[in-house]
1. Looking at (1) out of contact with any Phe, Trp or Tyr (no Cβ under 7 Å at 6 or more places or on another chain); (2) open to solvent by less than 50 Å² (accessible area, probe 1.4 Å); (3) part of a helix (DSSP H, G or I); (4) at pLDDT below 95, which one does Q75 not meet, given that it meets all the others?
2. Determine if the stretch 42-49 includes at least one residue that is of a type outside the set (A, V, I, L, M, F, W, C), part of a helix (DSSP H, G or I) and under 14 Å from the mean Cα position of the chain (by Cα).
3. Report, by residue number, each residue of the stretch 19-34 that is more than 9 Å from the chain's Cα centre (by Cα) and aliphatic (A, V, I, L, M).
4. Check the stretch 10-20 and report whether any residue there is surrounded by fewer than 12 Cβ atoms within 10 Å (Cβ to Cβ), in a helix (DSSP H, G or I) and either at pLDDT below 95 or hydrophobic (A, V, I, L, M, F, W, C) (or both).
5. Look through the stretch 23-65, keep the residues that are of a type in the set (K, R) and closer than 17 Å to Q76 by Cβ, and return whichever of them is surrounded by the fewest Cβ atoms within 10 Å (Cβ to Cβ).
6. What are the pairs with Cβ atoms under 6 angstrom where one residue, in the stretch 48-68, is within 14 Å of T33 (Cβ to Cβ) and the other, located anywhere, is among the β-branched types (V, I, T) and open to solvent by less than 70 Å² (accessible area, probe 1.4 Å)? Sequence gap at least six, or different chains.
Amino acid sequence: DNKIKHIWFDFGGTLYIETPRFLEAHDELLYKTYSDAVKKPVSEETQQEYRELYKQYGSNSSVFRSLGYPSDYWQQEFNKLDMDSLLDPDPR
């Protein structure tokens, strides 16, 4: 079945500025989520594994899908970040 199941919009860099604290929290969550998914501790090795998978699949969601997780798995985890404390509005 090839029906579209999800559509995501990325407003980063248009409506808000991704601050250094956002980038740090994003990466921390990303690598923890990956480590939990592959049942290995967070380490430079697991971070490198993730980066290689990202190169192969082209998106965070696709990496987790390749591991057998639902297509919205990463988005559900990402939604747990407290964006109000991590982003600044773009005055432009």
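The values are calculated or read from the model by the stated rules, or taken from the named source; none is laboratory data. What you see is a predicted model, and the numbers here were worked out from it, not measured in a lab. Cβ coordinates were reconstructed from backbone atoms using ideal geometry, including for glycine residues, and neighbour counts include every protein chain displayed. Areas reflect the complete protein model, heavy atoms only, side chains present, ligands, DNA and RNA absent. Shrake-Rupley method; radii C 1.70, N 1.55, O 1.52, S 1.80 Å.
1. Answer for Q75: the failing condition is (1).
2. Our first condition is that a residue be of a type outside the set (A, V, I, L, M, F, W, C); within the stretch 42-49, this holds for 43-49.
Filter once more, keeping what is part of a helix (DSSP H, G or I): 44-49.
If we keep only those that are under 14 Å from the mean Cα position of the chain (by Cα) too, we end up with 47.
Yes, there is a match, as at least one residue in the stretch 42-49 is of a type outside the set (A, V, I, L, M, F, W, C), part of a helix (DSSP H, G or I) and under 14 Å from the mean Cα position of the chain (by Cα).
3. Selection gives L23, A25.
4. yes
5. Filtering the stretch 23-65 for residues of a type in the set (K, R) gives 32, 39-40, 51, 55, 65.
Now narrow it down to the ones that are closer than 17 Å to Q76 by Cβ: 32, 65.
On the way: K32: 14, R65: 16.
Here the residue is K32.
6. L53/V63; Y54/V63
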